[in-house]
Amino acid sequence: MSLSKRIMVVDDEEMICEALRGWLEKDGFRVDVTFSGQEALKRTEDSFFDIYLVDVKMPGMNGMELLTRLKEVQPEAIIIMMTAHGSIETAVEAMKRGAMDYLCKPFDPDELSLLMGRVMAHKALQEENIALKEQLVESHEGFFDVFIIHSDPMRNIFSTIDEVAKSSAPILITGETGVGKDMVARAIHLRSERSCGPFVAVNCGSVSESLLESELFGHEKGAFTGAIKARRGRLEMASNGTLFMDEVGEISPRMQVSLLRSLEDKSLVRVGGSKSIQSDFRLISATHRDLPALIREKQFREDFYYRINVITINIPPLRERQDDIPVLADHFLKRYTEETGKRLEGFTQRAISLLCSYSWPGNIRELRNVVERAVVIARGRMIGAEELTFLNPCADVASFGPITLEELELNHIRATLDSCNGNMVRASKQLGIDRSTLMRKMKRYNLFRT
Amino acid sequence: MARKRPSAPSEECHVNLIPLGKVDSLAVSIVAANLHTVLGLNADALPPIGNPDFAFLPLRNQYSAGKIIKMLETVNGSAKFKIGIVQCDLCTPILKFVFGESQLGGQAAVISLHRLWHGDPSRTYLRAAKIGIHEAVHLLGIGHCRAADCLMDGSLSTEKLDAIPLRFCRACQYEVSRRLRHAFGGPEELGT
Ligand SMILES: [Zn+2]
Ligand SMILES: [Zn+2]
């Protein structure tokens, strides 16, 4: 996370600047050095820095003056003053003028680490809201949903994201449909050093194999009928950024071999092409399927699995983190009452317990749809159990006697299709899967024209 | 952990360990052995060269880590990386002392046994091995890490050094393996 933070060191002693640069670069910062206050101010006109380390005593404009000027142009800047001859008065004066801290050179190694830790925590607080909430909610409706964290499992996932974002190790995100795997992938990208690069997503389950191949690798003009001009593939577009392969369990073993080769060499060859093109991207894959089981069934290659699965993040289904359900439901309620202008105060106790006892096969996406629908049909000031009757609590399952997972899925799809009057777009939305997946399942269960 | 690449000739030397002045030779051998077992790097100890008097800073009564690294760059060695080992106390212009120092993604580093000393010599040696590995990983271009129990922690006190196992977090381990492969080639199974 700290990799993208820019620090400017201002000190007239070159040796100090270089030593600080060395240390800070190892700590993951991007470092610029300048040897005078005037030069530092000039640099801020066209570049942005998050943090300044400023020597108090310098010829020309001294550090205190620079501190004051910097705070005028960039009030949120974090400024740390340094001096070789510390005095309490200058320290107090520096803090009064808005410095975050005051250090005496040379520093204790621990002191510098602790200080930078504090600085990063401060920055993270400043930015948590801006970066993760505003920017993302704007750019991607629903981004925030997955980050309504209340339960321990989600908190753990959050700290894992922070931990793994900075490396370029491939990550596999597992979890059921609708838990927000794509959002976690986006969050990792945004917290990584590649955040300035592209985030390129591809859903491997939604297209045929041949189409997926040209989607991933691109093609040269004339590679196949219909290839009227050359096209870059997703692997190429993701260079210097992150490639997110959703539904990676749907990739055929043959295609896995080509991908494996590309991942090993960080290069690719377009379909119908011969020249090798370099592309350096970080791979994040996601699946709702049990890949080890697919490996046993020889439908998934073990070598490919180990290549994409250096770090695993498992997002638990909603039913396993019931603590999050009321919080999420409130969040969606607020969103939809704002959108519709309806006055609703909340959920009744019975409604909440109904929400918590339901199994949520479509996870967050399904919960969102359910709340949206309840808001539309609600008549009173509260959403009650009456507005949630279509939920069919999973307790009923037991009364049917033992049934297989497939039968359960079949029943649920059939019920959803009924409630949507056979409208597949609406049904797939409610089920939290895409339309082609729904079609595949309907074909499998022979649900067409029933 | 990275293992030795089967295809790489075992004689290829990756690291020259260079004692400056009088240095406990057992410590040097143990650092070399650990560079091999943990990182898969072949490390050869060169014969000791003279005391680092050129790096002495009278005002601080310590030795400049930066100056020693600059000098090590000029040493004729057989390996890509050169790691100096000294007995004297090291510092940098900004830090009161350092256990070791290295160029990020460069070729030279230095470690000091001075502050790693413990009444139990095996503890001293283990500390030296950890610092040696830490600095070698910097030479691979890898910076500090905030994960718990990772050798690439940026603020290693002797207590912390003793508490941390001889290993990296998963993210660092991945980067280490990847960069080792990049630096020295050879097919190697990664990622476990
Ligand atoms: Zn270090
Ligand atoms: Zn680490």
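Brief remarks follow.
- Top-ranked residue in segment A:39-65 [being touching a strand residue (DSSP E or B) at 6+ places or on another chain (Cβ under 6 Å) and among the acidic types (Asp, Glu); ranked as farthest from A:Glu18 (Cα to Cα)]: A:Asp50
- Scanning segment A:69-83 for residues that are touching a residue at least 24 places away in the same chain (Cβ under 8 Å) and either surrounded by fewer than 13 Cβ atoms within 10 Å (Cβ to Cβ) or more than 17 Å from A:Val9 (Cα to Cα) (or both) returns A:Val73, A:Glu76.
- Test: residue in segment A:29-40 that is among the charged types (D, E, K, R) and within 24 Å of B:Ala109 (Cα to Cα): yes
- Any hit, segment B:20-41, residues being of a type in the set (A, V, I, L, M), surrounded by 15 or more Cβ atoms within 10 Å (Cβ to Cβ), more than 14 Å from chain A (Cβ to nearest Cβ) and within 16 Å of ligand 2 (Cβ to nearest atom): yes
- Test result for A:Arg289, more than 14 Å from every other protein chain (Cβ to nearest Cβ) and assigned to a loop (DSSP other than H, G, I, E, B): yes
Conditions (1) surrounded by fewer than 23 Cβ atoms within 10 Å (Cβ to Cβ); (2) more than 12 Å from ligand 2 (Cβ to nearest atom); (3) on the phi < 0 side of the Ramachandran plot, marked per residue:
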residue: B:Gln103; (1), (2), (3): yes, yes, yes
residue: B:Ala108; (1), (2), (3): no, yes, yes
residue: B:Ile111; (1), (2), (3): no, yes, yes
residue: B:His118; (1), (2), (3): yes, yes, yes
residue: B:Arg127; (1), (2), (3): yes, yes, yes
residue: B:Gly132; (1), (2), (3): no, yes, yes
residue: B:Asp149; (1), (2), (3): yes, no, no
residue: B:Lys160; (1), (2), (3): yes, yes, yes
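- B:Phe168 meets each of the listed conditions (1) closer than 30 Å to A:Arg118 by Cα; (2) out of contact with any strand residue (DSSP E or B) (no Cβ under 9 Å at 6 or more places or on another chain) apart from (2).
- Members of segment A:19-50 that are part of a helix (DSSP H, G or I) and facing another protein chain (nearest Cβ under 9 Å): A:Ala19, A:Leu20, A:Gly22, A:Trp23, A:Glu25, A:Lys26
- Qualifying residue in segment A:57-72 (condition: outside the structural domain of A:Ser159 (by TED's automatic domain parsing) and within 16 Å of ligand 1 (Cβ to nearest atom)): no
- B:Ser102 being within 14 Å of ligand 1 (Cβ to nearest atom), facing chain A (nearest Cβ under 10 Å) and modelled with pLDDT of 95 or more: yes
- Where helices (runs of 4 or more DSSP H) sit wholly within segment A:176-254, those with at least 2 residues that are hydrophobic (A, V, I, L, M, F, W, C) and within 26 Å of A:Phe29 (Cα to Cα) occupy A:181-191.
- Criterion (within 14 Å of another protein chain (Cβ to nearest Cβ) and touching a helix residue (DSSP H, G or I) at 6+ places or on another chain (Cβ under 6 Å)) met by exactly one of A:Asp110, A:Asp55: A:Asp55
- Scope segment B:76-93; condition within 13 Å of chain A (Cβ to nearest Cβ) and within 14 Å of ligand 1 (Cβ to nearest atom); matching residues: B:Leu90, B:Thr92
The values are calculated or read from the model by the stated rules, or taken from the named source; none is laboratory data. If you're wondering where the values come from, they're calculated on a predicted model, not measured in any experiment. Every residue, glycine as well, gets a Cβ built from its backbone with ideal geometry; the counts of neighbours run over all protein chains shown.
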